[in-house]
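Participant: The structure under discussion is supplied below as structure tokens; questions concerning it will follow.
The values are calculated or read from the model by the stated rules, or taken from the named source; none is laboratory data. Here the structure is a predicted model, which is why all the values come from computation and not from measurement. Please note: Cβ atoms are built from the backbone with ideal geometry, for glycine as well, and neighbour counts cover all protein chains shown. Only protein heavy atoms, including side chains, enter the accessible area calculation; ligands, DNA and RNA are left aside. Shrake-Rupley method; radii C 1.70, N 1.55, O 1.52, S 1.80 Å.
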Amino acid sequence: MKNQNQRKQIVVKGLVQGIGFRPFVYRIAKRNRISGWVLNNVNGVKIQAEGKKTDLDNFVFQLKHNAPSLSRIDSAQTKPIPPINSTDFIIKKSSGGTKKTTAIPSDLAICPDCIKDIFNSKNKRRYLYPFTNCTNCGPRFTIAKSVPYDRKMTTMKRFKMCPDCQREYEDILDRRFHAQPNCCSVCGPQVYIVGSKGPIKGLKAIEKTVSAIIKGKIVAIKGLGGFHLACSAVNKKTVKRLRKLKNRPDKPFALMAQTANQVEKYCRLSRYERQVLTSPKAPIVMLEKKPRKDIPQIAPGLNHLGFMLAYTPLHQIIFKLLSKHGFNYPLIMTSANLRDEPICIDDEEIQKHIPNIPDPVLSHNREIHNRMDDSVVFLISDKTHIIRRARGYVPDPIKLGKKDKNVILGAGADLKNTFCIVRGGEAYLSQYIGDMEDSQNFYKLSLSKLKEFLGVTPTRIVHDMHPDYVSTRLAKTMPGKKVKVQHHASHVYSVMAEHRLKAPIIGVALDGTGYGTDNTIWGSEFFLVNKKGWQRKGSLVPVPLPGGDKAVFEIWRMALSHITKVFGVVPKTFVPAFKSVSKNEFKTVSKMISSGFNAPLTSSMGRLFDAVSFLALKRPTVSYEAQAAMELQSLCKKAPKTYPRFDIAQTGDMFWANPLPIFEFIRKNSNSPQRISEAFHMSVANMVLDMVVLISKQTKVKNVALSGGVFQNKIILSWCMDLLLKNGFKVYVNEQVPANDGGLSLSAPLIK
Ligand code: ZN
Ligand code: ZN
Ligand code: FE
């Protein structure tokens, strides 16, 4: 019988460490009567498996198809080797040097089994214990201080496992085998109320927080990557106070619910959106609102809401206790920070940075080593697009097409920033850092930490060509060869890096603003990228940007700029829209536009959206970037039958798109914001198609990359993709990194 046995060696590469892969191999080996061994080495997981042919086939099939949901198999190479009549299956000790090639996994939302544990009153050690975790869930990167990812290298080091936890940790068949943050109520971290006189700890602390929420207070809760400010989403007075506290009159707040079914009371939820919402990455998912009257203040003027599920045991317990008291509503869960400062991560920070300190502050003694915001995504059909990449995604590397000898740093831009370190064939993007003016120290600290994790020092530094970006100035102080890149070319290269695309390609960047090579401010750029580099082939006819960045918030300025360009004067129809603008300011800005003083030229698409939004919505100012554009998008319900087309003209080597017909259309339809919105979205999508067709006719290139912040507009993104696909183009867009400036740093490996 024994001679019927076969033996195979299997080398599995990908994300296969620190997520219970070896126990999984062990279990399927036992199930299929396979003998042999499995071990972790620097390249991944190596297996030798021996058994009857059918058993062995089943084993290999299950290995590839039933792997733990958190793993990602990039390759599984199998080769037959002579059988040795082994009898048992064992997990061998890890082999192979100290080279830092195995990465730290990203943080994972609480799994269904652990949810069962914390709500099972018979489970003595874990019932309502807010730090319960297992191999399939729990903190990872946020608690990691160094590599390899091992308990003693995490902030869990100070908690010694009790004998029961230790036993689970060592038992290969236990769900907590080698779960580095494993702990229980006997041995693990505890929650407490900050600054309470007699110490309030444990369940009492959670109960106090819960009753404060029910009473309509704003509380602070320390979670996985930082503190949230939390409160009832349906208490209008409280939401108003929170808006005041955060100085955020309109910007939408993220919501948290306990289950997807709860989310579905407020939003439409497709099958795929449900999948992402309930996935271990547990990001905030942007979802279409259902018409409801009880939460109008969460995202005023917008037709979508950002929802995430309770992703830690602490959040789960809070919702459970809330519902015990009959409170079954979502909570606002917004990062505890002011303006664009980094999210607070410890008691000292929250007391220092948040004025009128929330009451109570629910904290805990598991230290957060790596600051981490919640990630934000939206879906088009089954494809996920990331708006903010942080918890659950970082530090998962992005696989690049080829390995670079150099270690490269992509310094990124200035707003919504990330940086990126390229080592070998992998790009490690930092977590969302945010606005560089406010977050320089966070940037520096995260950079030194990521360098330490990866064991590298970049020798090549790619930075934006904008001389005044904080990231540029920082990059210039670093040792290594400095390489400049144009902002929008960088957007296009980020798509190429992500999809491992080869030149030539037509690149389209629809964006806010970025420094151009001709000293104007770019933002609607069409490039031909070939092996030698990129060439600008088309853009929007530039207009003055009166007052620079001020125009981002005073959107009437851009409207005036465009109108002046098109009509010379403000046509009668548009006069009422400017009613609330002071005469003086109107005069000053008119002068800026005519003289060009303090009004650099810009081809920004973001600013064109602002101009159109102002004329459609007649709201002269906004309180956060792209607010009016998002409100305009929210009015777009369907594809219109008629719409104006941009005029496109050729000058020399360049195609220029002129929005003149758009403004004529708006003049004729000035009292129909929905018509303007639908027509304008369709006009922009068709302009993109027209420009790409023109460039393609010249160059015969059929591959197109779309990037830039405007492609976070779901309608623009999907209509552009549809039109291009229908016209025979292959279209690539950012999926693993944001299309906004948060994905820019990924271009670094492709910048020559
Ligand atoms: Zn778990
Ligand atoms: Zn324990
Ligand atoms: Fe940009």
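Participant: Return the pair list, or none, for Cβ contacts closer than 8 Å from residues in the range 204-215 that are within 17 Å of Ser185 (Cα to Cα) and charged (D, E, K, R) to residues that are assigned to a helix (DSSP H, G or I) and open to solvent by less than 70 Å² (accessible area, probe 1.4 Å), at least 6 apart or on different chains.
Facilitator: Hits for this filter: Glu207/Leu321.
Participant: For Ser69, are the conditions met, namely being more than 30 Å from Met256 (Cβ to Cβ), modelled with pLDDT under 95 and open to solvent by 40 Å² or more (accessible area, probe 1.4 Å)?
Facilitator: No; evaluated as a whole, the condition is false for this residue.
Participant: A further question on this structure: Report, ordered by the first and then the second residue, all pairs with beta carbons closer than 6 Å, sequence separation of six or more or different chains, a first member in the range 517-544 that is open to solvent by 10 Å² or more (accessible area, probe 1.4 Å), and a second member that is of a type in the set (Ser, Thr, Tyr).
Facilitator: Ile521/Thr513; Ile521/Thr602; Leu528/Thr699; Pro542/Thr520; Pro542/Thr602; Pro542/Ser603; Pro544/Ser561
Participant: I'd like to verify a number: residues in the range 18-38 that are touching a helix residue (DSSP H, G or I) at 6+ places or on another chain (Cβ under 7 Å), part of a loop (DSSP other than H, G, I, E, B) and within 27 Å of Ala144 (Cα to Cα), how many?
Facilitator: Qualifying residue count, the range 18-38: 0.
Participant: Of the residues Val485, Val462, only one is of a type in the set (A, V, I, L, M, F, W, C), under 29 Å from Val693 (Cα atoms) and more than 21 Å from the chain's Cα centre (by Cα); which?
Facilitator: Only one candidate passes the filter, namely Val485.
Participant: Pull up the range 638-672, narrow it to residues that are basic (Lys, Arg) and in a loop (DSSP other than H, G, I, E, B), then point me to the one that is surrounded by the most Cβ atoms within 10 Å (Cβ to Cβ).
Facilitator: Only one residue tops the list, namely Arg645.
Rundown of residues vs (1) open to solvent by 10 Å² or more (accessible area, probe 1.4 Å); (2) closer than 30 Å to Arg140 by Cβ; (3) among the aromatic types (Phe, Trp, Tyr), yes/no style:
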residue	(1), (2), (3)
Ile206	no, yes, no
Ala212	no, no, no
Ala220	no, yes, no
Gly223	no, yes, no
Phe227	no, yes, yes
Thr238	no, no, no
Arg241	yes, no, no
Lys244	yes, no, no
Asn247	yes, no, no
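Participant: Does the range 96-107 hold any residues that are modelled with pLDDT under 95 and either surrounded by 14 or more Cβ atoms within 10 Å (Cβ to Cβ) or within 16 Å of Gln9 (Cα to Cα) (or both), and which are they?
Facilitator: Correct list: Lys100, Thr101, Thr102, Ala103, Ile104, Pro105, Ser106.
Participant: Further question on the same structure: Within the range 182-202, restricting attention to residues that are surrounded by fewer than 16 Cβ atoms within 10 Å (Cβ to Cβ) and either in a strand (DSSP E or B) or of a type in the set (A, V, I, L, M, F, W, C) (or both), which residue is nearest to ligand 2 (Cβ to nearest atom)?
Facilitator: The qualifying residue nearest to ligand 2 (Cβ to nearest atom) is Val186.
Participant: I've got another one for you. Is it the case, given these coordinates, that Val361 is under 13 Å from Met286 (Cβ atoms) and either crowded, with 18+ Cβ neighbours inside 10 Å or more than 23 Å from the chain's Cα centre (by Cα) (or both)?
Facilitator: So Val361 fails the test.
Participant: When you check Ile298 against the structure, is it in contact (Cβ under 8 Å) with a residue 40 or more places away in the chain, open to solvent by less than 10 Å² (accessible area, probe 1.4 Å) and more than 30 Å from Phe159 (Cα to Cα), yes or no?
Facilitator: Answer is yes for this residue.
Participant: Output the number of residues of the range 124-150 satisfying the condition of being more than 16 Å from ligand 1 (Cβ to nearest atom) and either in a strand (DSSP E or B) or surrounded by fewer than 22 Cβ atoms within 10 Å (Cβ to Cβ) (or both).
Facilitator: 8
Participant: Take Arg536 and tell me if it is under 17 Å from Ser603 (Cβ atoms), part of a strand (DSSP E or B) and among the charged types (D, E, K, R).
Facilitator: Answer is yes for this residue.
Participant: Which ones in the range 146-181 are aliphatic (A, V, I, L, M) and within 9 Å of ligand 2 (Cβ to nearest atom)?
Facilitator: Met161
Participant: Please give the number of the condition Asp549 fails out of (1) free of Cβ contacts under 8 Å to residues at least 40 places away in the same chain; (2) among the acidic types (Asp, Glu); (3) touching a Pro at 6+ places or on another chain (Cβ under 8 Å).
Facilitator: Checking Asp549 against (1) free of Cβ contacts under 8 Å to residues at least 40 places away in the same chain; (2) among the acidic types (Asp, Glu); (3) touching a Pro at 6+ places or on another chain (Cβ under 8 Å), the one that fails is (3).
Participant: Another one. Report, by residue number, each residue of the range 488-521 that is in a strand (DSSP E or B), of a type in the set (Gly, Ala, Ser) and either within 16 Å of ligand 2 (Cβ to nearest atom) or within 23 Å of Ser696 (Cα to Cα) (or both).
Facilitator: Residues satisfying the conditions are Gly507, Ala509.
Participant: Does Asn598 count as open to solvent by 40 Å² or more (accessible area, probe 1.4 Å) and within 17 Å of Met558 (Cβ to Cβ)?
Facilitator: In short, yes.
Participant: Turning to a different aspect of this structure: Val692: at pLDDT 95 or above, outside any helix (DSSP H, G or I) and either surrounded by 19 or more Cβ atoms within 10 Å (Cβ to Cβ) or aliphatic (A, V, I, L, M) (or both), yes or no?
Facilitator: Here the answer is no, as Val692 does not meet what is asked.
Participant: Give the residue that is modelled with the lowest pLDDT, with candidates limited to residues of the range 40-59 that are among the β-branched types (Val, Ile, Thr) and open to solvent by 20 Å² or more (accessible area, probe 1.4 Å).
Facilitator: By that ranking, first place goes to Val42.
Participant: Hey, does the range 154-168 have a residue that's under 26 Å from Ser375 (Cβ atoms) and either open to solvent by 20 Å² or more (accessible area, probe 1.4 Å) or assigned to a loop (DSSP other than H, G, I, E, B) (or both)?
Facilitator: Looking through the range 154-168, at least one residue is under 26 Å from Ser375 (Cβ atoms) and either open to solvent by 20 Å² or more (accessible area, probe 1.4 Å) or assigned to a loop (DSSP other than H, G, I, E, B) (or both).
Participant: Which count do you get for residues in the range 164-187 that are away from ligand 1 (no atom under 14 Å from the Cβ) and within 18 Å of Tyr127 (Cα to Cα)?
Facilitator: 4
Participant: Which is in a helix (DSSP H, G or I), open to solvent by 20 Å² or more (accessible area, probe 1.4 Å) and either more than 27 Å from Pro749 (Cα to Cα) or not hydrophobic (A, V, I, L, M, F, W, C) (or both), of Glu341, Glu426, Glu348?
Facilitator: Glu348
Participant: Filtering the range 197-215 down to residues that are closer than 28 Å to Met161 by Cα, of a type in the set (Gly, Ala, Ser) and out of contact with any Phe, Trp or Tyr (no Cβ under 6 Å at 6 or more places or on another chain), which residue is nearest to ligand 3 (Cβ to nearest atom)?
Facilitator: Among residues in the range 197-215 that are closer than 28 Å to Met161 by Cα, of a type in the set (Gly, Ala, Ser) and out of contact with any Phe, Trp or Tyr (no Cβ under 6 Å at 6 or more places or on another chain), the one nearest to ligand 3 (Cβ to nearest atom) is Gly202.
For every residue, the table says whether it meets (1) over 30 Å from Tyr149 (Cβ atoms); (2) touching a strand residue (DSSP E or B) at 6+ places or on another chain (Cβ under 8 Å).
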residue	(1), (2)
Lys451	no, yes
Val470	yes, no
Gln486	yes, yes
Asn519	yes, no
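Participant: Can you tell me which residue among Leu724, Leu744, Leu750 is modelled with pLDDT of 95 or more, more than 16 Å from ligand 3 (Cβ to nearest atom) and under 14 Å from His488 (Cα atoms)?
Facilitator: Only one candidate qualifies: Leu750.
Participant: If you check Gly434, Gly424, Gly401, Gly410, which single one turns out to be more than 15 Å from the chain's Cα centre (by Cα) and within 16 Å of ligand 3 (Cβ to nearest atom)?
Facilitator: Answer to the selection: Gly410.
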